[in-house]
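All remarks here apply to the structure that follows.
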Amino acid sequence: MQDHVPTTYLADPSSPPSGTGWFYQLHAVDAAGNRDNPHLTWTRAYAQASYTGTWAQGASADCDGGTGGYRAVNSAASANATAAWSFGVEESGTYAVSTRYVQGGNRSAAARYTVYDQGGSALTPVNQQTGGCAWVSLGSHTLRSGQTYSVVLDNQGTPGQYVIADSVRWVKE
């Protein structure tokens, strides 16, 4: 068992995509696997989502004060595009799940977010015409440590409207 850090430098061979934040957080872990302070808030931005279908890079001001920090897709009568954000839970409990997006009059009035949790899944429609850049609740969900959970946004809706994929956040209550 090692009881000290062997070096003060750690090289990370990966690099963040342009325009995204990159953060590191260190935790102490004992021989039994107990952590000092589990990370209880997770935020995943548009660049960290997995996409199916054809999503375009945003062209207008985003929620972080820049331009294009989101993706957009046209609504369709049947879903043919998804954005999925996932994270691995470090501590079991109830988590408040929320999303944010750039609002607009041409946005979906009922963007379909499906939150997966310990009990299955819950579909929550969100009006993306209002409330932009504020965290909008997708409900409270029970999650178990050691599991990975997702939020999936699809583009099923009124044709001619846009669905915006920006960010999703989980916060332990």
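The values are calculated or read from the model by the stated rules, or taken from the named source; none is laboratory data. Keep in mind that what you see is a predicted model, and the values were worked out from it rather than measured. Cβ coordinates were reconstructed from backbone atoms using ideal geometry, including for glycine residues, and neighbour counts include every protein chain displayed. Protein only, heavy atoms only, side chains kept; ligands, DNA and RNA dropped before computing areas. Shrake-Rupley method; radii C 1.70, N 1.55, O 1.52, S 1.80 Å.
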Open item on the list: Here is a check on your reading of the model: is Leu153 open to solvent by less than 40 Å² (accessible area, probe 1.4 Å), within 18 Å of Gln57 (Cα to Cα), at pLDDT 95 or above and under 14 Å from the mean Cα position of the chain (by Cα)?
Closed with: yes
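Against the condition closer than 19 Å to Gln48 by Cα and basic (Lys, Arg), how does Arg100 come out, does it pass?
Numbers: closer than 19 Å to Gln48 by Cα: yes; basic (Lys, Arg): yes.
Taking the combined requirement at face value, the residue satisfies it.
Could you list, in sequence order, the residues of region 65-87 that are within 12 Å of the chain's Cα centre (by Cα) and either open to solvent by 20 Å² or more (accessible area, probe 1.4 Å) or hydroxyl-bearing (Ser, Thr, Tyr) (or both)?
Pass one, region 65-87, residues within 12 Å of the chain's Cα centre (by Cα): 70, 83-87.
Within region 65-87, Tyr70, Ala84, Ser86 qualify.
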- [ ] Identify all residues within region 119-136 that are closer than 18 Å to Ala84 by Cβ and open to solvent by 40 Å² or more (accessible area, probe 1.4 Å); write none if there are none.
- [x] Ser121, Leu123, Pro125
TODO: Tell me which residues, restricted to region 45-59, are over 18 Å from Gln156 (Cα atoms) and open to solvent by 50 Å² or more (accessible area, probe 1.4 Å).
DONE: Gln48, Gln57, Ala59
Open item on the list: Every residue in region 104-113 that is touching a residue at least 40 places away in the same chain (Cβ under 8 Å) and open to solvent by 30 Å² or more (accessible area, probe 1.4 Å), please.
Closed with: Asn106, Ala109, Ala110, Arg112
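Regarding region 160-168, can at least one residue be identified that is assigned to a strand (DSSP E or B), aliphatic (A, V, I, L, M) and more than 19 Å from Val73 (Cβ to Cβ)?
In the first step, residues of region 160-168 are kept if they are assigned to a strand (DSSP E or B); the result is 162-165, 167-168.
Now narrow it down to the ones that are aliphatic (A, V, I, L, M): 163-165, 168.
Narrowing the set further to residues that are more than 19 Å from Val73 (Cβ to Cβ) leaves none.
No, region 160-168 contains no residue that is assigned to a strand (DSSP E or B), aliphatic (A, V, I, L, M) and more than 19 Å from Val73 (Cβ to Cβ).
Please find, within region 102-119, the residue that is farthest from Ser60 (Cα to Cα) out of those that are among the hydrophobic types (A, V, I, L, M, F, W, C) and in a loop (DSSP other than H, G, I, E, B).
In the first step, residues of region 102-119 are kept if they are among the hydrophobic types (A, V, I, L, M, F, W, C); the result is 102, 109-111, 115.
This time we only want the ones that are in a loop (DSSP other than H, G, I, E, B), so: 102, 109-110.
On the way: Val102: 9, Ala109: 19, Ala110: 21 Å.
Checking each candidate, the answer is Ala110.
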Task: Residue in region 136-149 that is modelled with pLDDT under 95, over 16 Å from the mean Cα position of the chain (by Cα) and under 17 Å from Gly105 (Cβ atoms) present - done: no
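Condition (residue is buried (at least 20 other Cβ atoms within 10 Å of the Cβ) and either assigned to a loop (DSSP other than H, G, I, E, B) or free of Cβ contacts under 8 Å to residues at least 40 places away in the same chain (or both)) applied to region 139-146: is it met by at least one residue?
Of region 139-146, the ones buried (at least 20 other Cβ atoms within 10 Å of the Cβ) are 141, 143.
Next, from what is left, pick out any that are either assigned to a loop (DSSP other than H, G, I, E, B) or free of Cβ contacts under 8 Å to residues at least 40 places away in the same chain (or both): none.
No; the residues of region 139-146 include none that is buried (at least 20 other Cβ atoms within 10 Å of the Cβ) and either assigned to a loop (DSSP other than H, G, I, E, B) or free of Cβ contacts under 8 Å to residues at least 40 places away in the same chain (or both).
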